[in-house]
Structure formats: C-alpha cells, structure tokens
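K.L.:
Structure below; questions to follow.
The values are calculated or read from the model by the stated rules, or taken from the named source; none is laboratory data. This structure is a prediction, so every number in the text was calculated from the model and none was measured. We place every Cβ from the backbone using ideal geometry, glycine too, and count neighbours over all the protein chains shown.
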Amino acid sequence: MMSMPVRACFVTGTDTEVGKTLVSCALLQAWAQEGLVAAGLKPVAAGAQEQPDAQGLQAQWVNEDVELLRRASTLKLSSQQVSPYVLRAPVAPHLAARMEGVHLDVQVMVQAYQRLCGIAEAVVVEGVGGFCVPLNDQHDTSDLAEQLGLPVVMVVGLRLGCINHALLTAQAVAAKGLRLAAWVANTVDAHMPELQNNVQAIHERLQLLAPVGQQVVYAGCVPHLSEPVAKAAATYLNWSSVDWSVVARSAP
C-alpha cells in the first residue's frame with residue numbers, strides 16, 4: 001500500500017485555463033497556515049519557456065504552473081520533484097510528448113506522488129487540462145486519478161457552458177469510483193450574466209449526483225482578479241467543511 005499523508009487531493013478542472021493552479025496554490029497556502037508541511041505536484045505539464053540556470057550556464061525548460069506550485073509548497077522542492085514530466089509545446093500532453101519522443105508513464109507519476117508522501121504531511125496533485133486528457137495511447141488523466149484514489153477538488157471556470165462542463169466532469173469522476181469532495185467556482189468571464197444563478201444551479205445538481213450520505217462542499221467563488229495570485233484567491237475560499245479522508249488503494 002502506498003503511504004498516505006495527513007491530507008491529499010487531486011485538483012481537476014472543467015477545462016484548461018480555468019484556474020486549477022490558482023486554486024491548488026491557494027489550498028497549499030491554507031494547509032501551510034494550519035502548520036502542515038505541504039507539497040504541490042503536477043505530474044505532467046505542457047508548455048515551457050527556456051531559461052538559463054542560476055549560473056547562467058545551462059538552459060532549462062520551465063513551466064509557469066510548476067514554478068507556482070513549487071513556490072507555494074512549504075518544502076524546498078526541485079522542479080523535477082514537483083513535475084516529473086515538463087514538456088515544451090503548449091498542446092495536449094500526449095501530443096507534446098510525441099513531439100519530443102517521450103512516453104508519459106502513469107507509474108512514474110504515481111511514484112512521484114509516493115515520494116512526496118514520504119516527506120510531506122499534505123499533498124495537492126494538480127491535473128492537466130480537464131479530467132480526461134490523454135497521456136498516452138492507453139491512459140488519460142482520469143486513470144491517474146483513479147490509481148491515486150484521492151478525494152477530488154473540481155475547479156469550475158465560470159463562463160457560458162459551465163453547468164454542462166461541471167456536471168459532465170462530476171459524472172466522469174464518479175465513473176472512476178472517486179469522491180468529489182469539493183468544488184470551486186472561478187470567474188473566468190468577468191461579464192458572465194446570471195453568474196450567481198449558475199453557481200447555485202451547479203451546486204444543487206452536484207448534490208443530486210453525490211452518493212447518499214455524502215456532500216460536495218462548495219468551497220467558494222473566486223471573482224475575476226486583475227492579478228490572479230493565490231494569496232488573493234485564498235481569501236474567497238473556505239475549506240473547513242471538506243472531508244479529506246483518503247481510501248488507501250493497493251499499488252497496481
């Protein structure tokens with residue numbers, strides 16, 4: 001059995017660019033404020049910029065989301081510890097990997113999580129794109145989430161179509177036998193009409209989808225921020241009612 005930290009979750013989104021990293025970093029900060037040793041993990045990241053190292057000698061490929069998670073962690077982690085796969089092209093990860101001749105191995109990602117479990121009390125695993133993004137010819141991110149078996153936090157990008165995207169994502173999470181522990185509304189479209197009514201509709205329908213005796217906690221709504229930083233987003237989120245319990249699973 002894989003070792004379990006005090007808290008852990010898998011953060012997914014209804015699409016790409018809906019604020020998964022923003023919410024993941026805000027959650028890391030919240031756990032750190034509780035005194036937990038917290039670490040962020042992004043098993044695969046696509047889209048990187050070439051930057052020189054500290055000595056200005058050897059160039060390295062840096063992904064912005066990975067760097068934000070690394071800085072939000074209370075441990076001093078390397079980029080490799082935060083993300084075992086950093087791909088250059090800002091496209092779907094299986095395509096970026098194919099371009100670079102890289103095989104994205106789900107077991108390598110699981111092992112990266114296990115290593116963080118050995119040094120951290122709380123681990124936030126951030127997915128890539130939506131919940132069912134292909135990783136290779138056999139697996140997608142939902143398979144990774146299934147193997148980890150963690151409670152899921154869903155970030156819903158508030159824009160036209162978000163109700164459908166949220167419910168489809170919740171159904172996909174349930175189909176993998178996972179528990180949707182919480183959801184966050186993130187205001188992607190600052191001018192979205194009927195925003196609060198959309199939030200209410202999503203929340204009510206998520207409760208209907210939840211198994212008997214379980215609830216999907218609404219952790220809050222992040223407004224459209226002029227500067228989307230985790231510290232600002234954290235002030236709009238409340239995680240106190242979330243059940244973070246993890247069902248241990250045997251390693252495949």
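K.L.:
Mind checking which pairs have a first residue in the stretch 58-77 that is surrounded by 13 or more Cβ atoms within 10 Å (Cβ to Cβ) and a second that is of a type in the set (Lys, Arg) and modelled with pLDDT under 95, Cβ under 7 Å, 6 or more apart or different chains?
P.N.:
Every condition considered, the pairs that remain are Trp61/Arg88.
K.L.:
Evaluate the following for Leu150: is it buried (at least 19 other Cβ atoms within 10 Å of the Cβ), assigned to a helix (DSSP H, G or I) and modelled with pLDDT of 95 or more?
P.N.:
no
K.L.:
Residues of the stretch 206-246 being over 18 Å from the mean Cα position of the chain (by Cα) and under 20 Å from Gly177 (Cβ atoms), which ones?
P.N.:
If the condition is that a residue be over 18 Å from the mean Cα position of the chain (by Cα) and under 20 Å from Gly177 (Cβ atoms), then Leu206, Gln207, Leu208, Leu209, Ala210, Pro211, Val212, Gly213, Gln214, Gln215 are the ones that fit.
K.L.:
Could you go through the stretch 86-96 and let me know if any residue there is modelled with pLDDT of 95 or more, of a type in the set (Lys, Arg) and surrounded by fewer than 20 Cβ atoms within 10 Å (Cβ to Cβ).
P.N.:
Within the stretch 86-96, not a single residue is modelled with pLDDT of 95 or more, of a type in the set (Lys, Arg) and surrounded by fewer than 20 Cβ atoms within 10 Å (Cβ to Cβ).
K.L.:
A further question on this structure: Any residue in the stretch 199-210 that is part of a loop (DSSP other than H, G, I, E, B) and out of contact with any helix residue (DSSP H, G or I) (no Cβ under 7 Å at 6 or more places or on another chain)?
P.N.:
Within the stretch 199-210, one or more residues are part of a loop (DSSP other than H, G, I, E, B) and out of contact with any helix residue (DSSP H, G or I) (no Cβ under 7 Å at 6 or more places or on another chain).
K.L.:
Taking the stretch 105-123 on its own, how many of its residues are buried (at least 22 other Cβ atoms within 10 Å of the Cβ) and in contact with a Phe, Trp or Tyr (Cβ under 8 Å, 6 or more places away or on another chain)?
P.N.:
Counting residues in the stretch 105-123 that are buried (at least 22 other Cβ atoms within 10 Å of the Cβ) and in contact with a Phe, Trp or Tyr (Cβ under 8 Å, 6 or more places away or on another chain) gives 3.
K.L.:
On the basis of being closer than 28 Å to Gln33 by Cβ and surrounded by 14 or more Cβ atoms within 10 Å (Cβ to Cβ), does Ala172 make the cut? Quick ask: steps written out before the conclusion?
P.N.:
Numbers: closer than 28 Å to Gln33 by Cβ: no; surrounded by 14 or more Cβ atoms within 10 Å (Cβ to Cβ): yes.
When the stated conditions are applied, Ala172 does not pass them.
K.L.:
Continuing with the same structure: Being within 11 Å of Gly157 (Cα to Cα) and assigned to a loop (DSSP other than H, G, I, E, B) is the filter; apply it to the stretch 173-189 and report the residue that is farthest from the chain's Cα centre (by Cα).
P.N.:
Asp189
K.L.:
Please go through the stretch 116-127 and give me each residue that is closer than 22 Å to Lys20 by Cα and either free of Cβ contacts under 8 Å to residues at least 24 places away in the same chain or out of contact with any Ser or Thr (no Cβ under 6 Å at 6 or more places or on another chain) (or both), ordered by number.
P.N.:
Leu116, Ala120, Glu121, Ala122, Val123, Val125
K.L.:
Could you tell me whether Lys76 is farther than 16 Å from Asn136 by Cβ, charged (D, E, K, R) and in contact with a strand residue (DSSP E or B) (Cβ under 7 Å, 6 or more places away or on another chain)?
P.N.:
Working: farther than 16 Å from Asn136 by Cβ: yes; charged (D, E, K, R): yes; in contact with a strand residue (DSSP E or B) (Cβ under 7 Å, 6 or more places away or on another chain): no.
Criteria not met by Lys76.
K.L.:
So, one more: So, Ala96, is that one out of contact with any Ser or Thr (no Cβ under 8 Å at 6 or more places or on another chain) and touching a residue at least 60 places away in the same chain (Cβ under 8 Å) or not?
P.N.:
Spelling it out, it is not the case that Ala96 is out of contact with any Ser or Thr (no Cβ under 8 Å at 6 or more places or on another chain) and touching a residue at least 60 places away in the same chain (Cβ under 8 Å).
K.L.:
Give all pairs with beta carbons closer than 7 Å in which a residue from the stretch 139-150 that is under 15 Å from Val44 (Cα atoms) meets a residue that is part of a helix (DSSP H, G or I) and not β-branched (Val, Ile, Thr); count only pairs at least 6 apart in sequence or on separate chains.
P.N.:
Once the first residue is under 15 Å from Val44 (Cα atoms) and sits in the stretch 139-150, its partners that are part of a helix (DSSP H, G or I) and not β-branched (Val, Ile, Thr) give Ser142/Ala172; Leu144/Met109; Leu148/Tyr113.
K.L.:
For residues that are at positive phi and not acidic (Asp, Glu), scanning just the stretch 2-54, find the one that is modelled with the lowest pLDDT.
P.N.:
Taking the candidates together, the pick is Gly47.
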